[in-house]
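Down below is the structure, laid out as structure tokens.
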Amino acid sequence: MIARLHDKKTITMGPLVTNGIISENLNLFLAFIIGIGFGFVLEQSGFSSSRKLAGIFYGYDTVVLKVFFTGAITCMLGLLFFSLFGWIDLSLVYINPTYLTSAIVGGIIMGAGFIIGGYCPGTSFCGAAIGKLDGLIFVGGLFIGVLIFGLGYKLWEGLYMAKNLGSPKISSVLGLSDGIFALLLILAALAMFWAAEWAEKKFPREEY
Amino acid sequence: MKPLKWLALFIIPLGLVIAAVPPNTAKPYKLTADQLLAEANTRTQYVTPDVVADMIVNKDPSLQLIDVRSQDEFEKYSLSGAINIPLTDLLSEKYTDILNQDVKMNVFYSNGTVTANEAWMLTRQLGYSNIYVLEGGLNFWFDSILNPQEPASTSPDEEFAKYDFRKSAGAVLGGGGAIQAQADQLSAASSPKPAITGAPKKKKVAGGC
């Protein structure tokens, strides 16, 4: 009698797994397929080359900025339009909570690792997958880092959990609607792309 | 044309559209009339007084009784732990958090079942889950829990088990059965508090998004 709790058949919109339209297992399988596509695109865009990736810091190659911002904007517009059409319930989409201190510390470590090793975690697997030695070593280092973090968790637990801001959205912090913020972000991204192309002309490098 | 210009030509209009339209705040999963009718026909919204009594006695934290009668009636008599949301205030914003959640089991009750069912229909229509109605309302509650009738001696054992449970639950919840139960106990010289026996098994509220 109390068994009927969530009448999942009544819900015909995303997120698919949260609303019980697809199973957890199918969700994992889809993630696997999408992952293969993601890896393929990364490799084909040259993200398995650490020299190409590091170009963003020197201005001779800004493919990282362009690919990731284009990806983010496509995703953002997609979600906003899907929500507009009633295809997805944005309030059910998981937003990773912001822990301010660990975001800053982690960002610094990640940035330093990026410029020293020439990879970010995802692209290091991309490089390792096609047998790049620096990619393999980077992946090794990644696991050592994970081990150090896990074994010494007690030492940095306070830092790690500090300043939990919940899941704030920049648009609501600024008091803008999601749509207006999206437009501003698009304009900012286009301005950055323009500046990036200017930098590529200004600091060209023949071979890398 | 350069790729950057193509990109700009494509995403700036999309950005303008999304900035111009109001965000979609429509409640996503409303039930259609057909779906609601199907639910009403299967009568799955009803929870029997026995289940509710058992949950009250065991102080089950997942139970949230909601009295949809007027405040006057609520103050005169209410089930223990119930909160009062008069039907007239059902859609008031201050109650949204209580009604629209997926942790507790919201059980509406009124004197009969008409008002509680009205509340159930409205909230189900809004897409809220875990909404139930106390079967038979308070009238049936009085008859079954507070003043249970002893079954005929030829009744099956389950009827007696149910009766025993109702009698002892009624005693705890302050019904007329209490006197009878106490009298029974005095003669039996058992523990001072009536024990709850033969409680019907209840299913746990599980899931959530």
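The values are calculated or read from the model by the stated rules, or taken from the named source; none is laboratory data. Keep in mind it's a predicted model, so treat the numbers as computed, not measured. Note: ideal-geometry Cβ built from the backbone for every residue, glycine included; neighbour counts use all protein chains shown.
Side notes on the structure shown:
- Condition met for A:G131 (under 22 Å from A:S167 (Cβ atoms), modelled with pLDDT of 90 or more and in the same structural domain as A:G158 (by TED's automatic domain parsing)): no
- Residue match in region A:99-118 (condition: closer than 30 Å to B:N24 by Cβ, at pLDDT below 90 and touching a Leu at 6+ places or on another chain (Cβ under 6 Å)): no
- Single condition B:K59 does not satisfy, out of (1) loosely packed, with under 14 Cβ neighbours inside 10 Å; (2) assigned to a helix (DSSP H, G or I): (2)
- Candidates A:A129, A:A162 - the one that is more than 14 Å from A:S50 (Cα to Cα) and not charged (D, E, K, R): A:A162
- Contact map, region A:101-120: first residue farther than 26 Å from A:L165 by Cα, second residue of a type in the set (A, V, I, L, M, F, W, C) and modelled with pLDDT under 90, Cβ cut-off under 6 Å, separation 6 or more or different chains; pairs are A:F114/A:C120; A:I115/A:F57; A:G118/A:L53; A:G118/A:A54.
- Subset tally (residues that are in a helix (DSSP H, G or I) and of a type outside the set (F, W, Y)) for region A:120-178: 36
- Members of region B:21-46 that are under 13 Å from the mean Cα position of the chain (by Cα) and modelled with pLDDT under 85: B:T44
Yes/no matrix, rows are residues, columns are (1) within 14 Å of another protein chain (Cβ to nearest Cβ); (2) within 14 Å of the chain's Cα centre (by Cα):
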site	(1), (2)
B:W6	yes, no
B:T48	yes, yes
B:D60	yes, yes
B:I83	no, yes
B:S92	no, no
B:N100	yes, yes
B:Y109	no, yes
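- Of the residues contained in region B:67-89, none is found to be under 15 Å from B:N130 (Cα atoms) and surrounded by fewer than 16 Cβ atoms within 10 Å (Cβ to Cβ).
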